[in-house]
Amino acid sequence: MTTAPDTEQPDTEQPGTQPRQRTFTWDDPVEAAATGAGMSGAEFFAGIAAGTIPPPPILRTLDFDGVSFGDGRAVFRLTPREYHYNTLGGVHGGVFATLLDSACGCAVHTKLPVGVGYTSLDLSVKFLRPVTVASGPITAEGNVVHFGRRTALAEARITDDAGKVYATATSSCLVLRPELQTAEARSR
């Protein structure tokens, strides 16, 4: 006779380990996006920095902070923790990619006038060295290289406090201008 394991009490504890737990909260992202819709990118990030607009949930999910936002520039900081780890015992590449994507995308977002949006077209990440808890805090800084009518290009790098580079990225973004979308729709 075959029986199924007890599904009410899953065995999540592995021999020789102690389970850990982490909880976090976040604000309604749709409400924050609606608030930002009537602002320029610079105004939106000024609101986040001032605490009048809540940060996007991903910051709390991965526990990183928006440090500063300027014209074509965005900086985030993360202190590596165990919950960022992959199976090899270092910070997961997806955490790097999220930090770099945030830095690139938000750098582009700071340049947007009222009513103009953007979306990422691609993200190319180069992982240069591993990060662990012992590495200490890391910073992702993104800067806009080109901002055109239809596309933007940004680059970012992750460094430690000594300036050592851990990963780099470039990202192309599609700039969504309502007047261009309306003109394209009429020409179809």
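The values are calculated or read from the model by the stated rules, or taken from the named source; none is laboratory data. None of these values were measured; they are calculated from a predicted model. Here the Cβ is made from the backbone with ideal geometry for all residues, glycine too, and neighbour counts use every protein chain on show.
Which one is farthest from the chain's Cα centre (by Cα) among residues in the stretch 65-110 that are of a type in the set (D, E, K, R) and within 19 Å of PRO55 (Cβ to Cβ)?
Within the stretch 65-110, the subset of a type in the set (D, E, K, R) is 65, 71, 73, 77, 81-82, 101.
When the remaining residues are screened for being within 19 Å of PRO55 (Cβ to Cβ), the result is 65, 73, 77, 81, 101.
Values: ASP65: 10, ARG73: 14, ARG77: 11, ARG81: 17, ASP101: 5 Å.
Ranking the candidates gives ARG81 first.
Is at least one residue of the stretch 103-113 in a loop (DSSP other than H, G, I, E, B), under 20 Å from VAL30 (Cα atoms) and among the polar types (S, T, N, Q)?
Yes: one or more hits.
Is there a residue being under 21 Å from GLY148 (Cβ atoms) and buried (at least 24 other Cβ atoms within 10 Å of the Cβ) anywhere in the stretch 73-86?
So the first thing to find is which residues in the stretch 73-86 are under 21 Å from GLY148 (Cβ atoms), and the list is 73-74.
Imposing the further condition that a residue be buried (at least 24 other Cβ atoms within 10 Å of the Cβ) reduces the set to 74.
Yes, some residue in the stretch 73-86 is under 21 Å from GLY148 (Cβ atoms) and buried (at least 24 other Cβ atoms within 10 Å of the Cβ).
For the stretch 85-99, check the following and say yes or no: at least one residue is in contact with a helix residue (DSSP H, G or I) (Cβ under 8 Å, 6 or more places away or on another chain), part of a loop (DSSP other than H, G, I, E, B) and over 22 Å from VAL175 (Cα atoms).
yes
Inspect the stretch 173-181 for any residue being within 23 Å of LEU62 (Cβ to Cβ), modelled with pLDDT of 95 or more and either crowded, with 18+ Cβ neighbours inside 10 Å or not acidic (Asp, Glu) (or both) and give the result as yes or no. Reasoning before the result, please.
Filtering the stretch 173-181 for residues within 23 Å of LEU62 (Cβ to Cβ) gives 173.
Still in the running and modelled with pLDDT of 95 or more: 173.
Narrowing further to those that are either crowded, with 18+ Cβ neighbours inside 10 Å or not acidic (Asp, Glu) (or both): 173.
Within the stretch 173-181 (the criterion being within 23 Å of LEU62 (Cβ to Cβ), modelled with pLDDT of 95 or more and either crowded, with 18+ Cβ neighbours inside 10 Å or not acidic (Asp, Glu) (or both)), the answer is yes, since at least one residue qualifies.
Taking the stretch 36-74 as the region of interest, how many residues are among the polar types (S, T, N, Q) and outside any loop (DSSP other than H, G, I, E, B)?
Count: 2.
Please list, ordered by first then second residue, the pairs with beta carbon atoms under 8 Å, 6 or more apart or interchain, first in the stretch 105-125 and closer than 22 Å to GLY93 by Cα, second hydrophobic (A, V, I, L, M, F, W, C) and not in a strand (DSSP E or B).
CYS106/PHE45; SER120/CYS104; LEU123/ALA97; LEU123/LEU100; LEU123/CYS104; VAL125/PHE96; VAL125/ALA97; VAL125/LEU100
Would you mention how many residues in the stretch 133-159 are among the hydrophobic types (A, V, I, L, M, F, W, C), closer than 14 Å to HIS109 by Cα and surrounded by fewer than 23 Cβ atoms within 10 Å (Cβ to Cβ)?
Qualifying residue count for the region: 4.
Suppose the filter is in a strand (DSSP E or B), modelled with pLDDT of 95 or more and not hydrophobic (A, V, I, L, M, F, W, C); does THR139 pass it? Walk me through it before giving the result.
Details: in a strand (DSSP E or B): yes; modelled with pLDDT of 95 or more: yes; not hydrophobic (A, V, I, L, M, F, W, C): yes.
So THR139 fits the description; yes.
Go through SER120, SER171 for me and flag whichever is within 23 Å of ALA34 (Cα to Cα), hydroxyl-bearing (Ser, Thr, Tyr) and touching a Ser or Thr at 6+ places or on another chain (Cβ under 8 Å).
Checking each option against the conditions leaves just SER120.
Out of all the residues in the stretch 158-181, which are free of Cβ contacts under 8 Å to residues at least 24 places away in the same chain and closer than 26 Å to PHE127 by Cα?
The first filter runs over the stretch 158-181 and keeps only residues free of Cβ contacts under 8 Å to residues at least 24 places away in the same chain, leaving 159, 162-163, 179, 181.
Correct list: THR159, ALA162, GLY163.
Can THR3 be described as modelled with pLDDT under 90, in a loop (DSSP other than H, G, I, E, B) and farther than 29 Å from ARG81 by Cα? Let's see the steps before the verdict.
Numbers: modelled with pLDDT under 90: yes; in a loop (DSSP other than H, G, I, E, B): yes; farther than 29 Å from ARG81 by Cα: yes.
When the stated conditions are applied, THR3 passes them.
Among the candidates ALA33, ALA42, single out the residue that is exposed (fewer than 15 other Cβ atoms within 10 Å of the Cβ) and farther than 18 Å from THR170 by Cα.
Unique residue meeting the criteria: ALA33.
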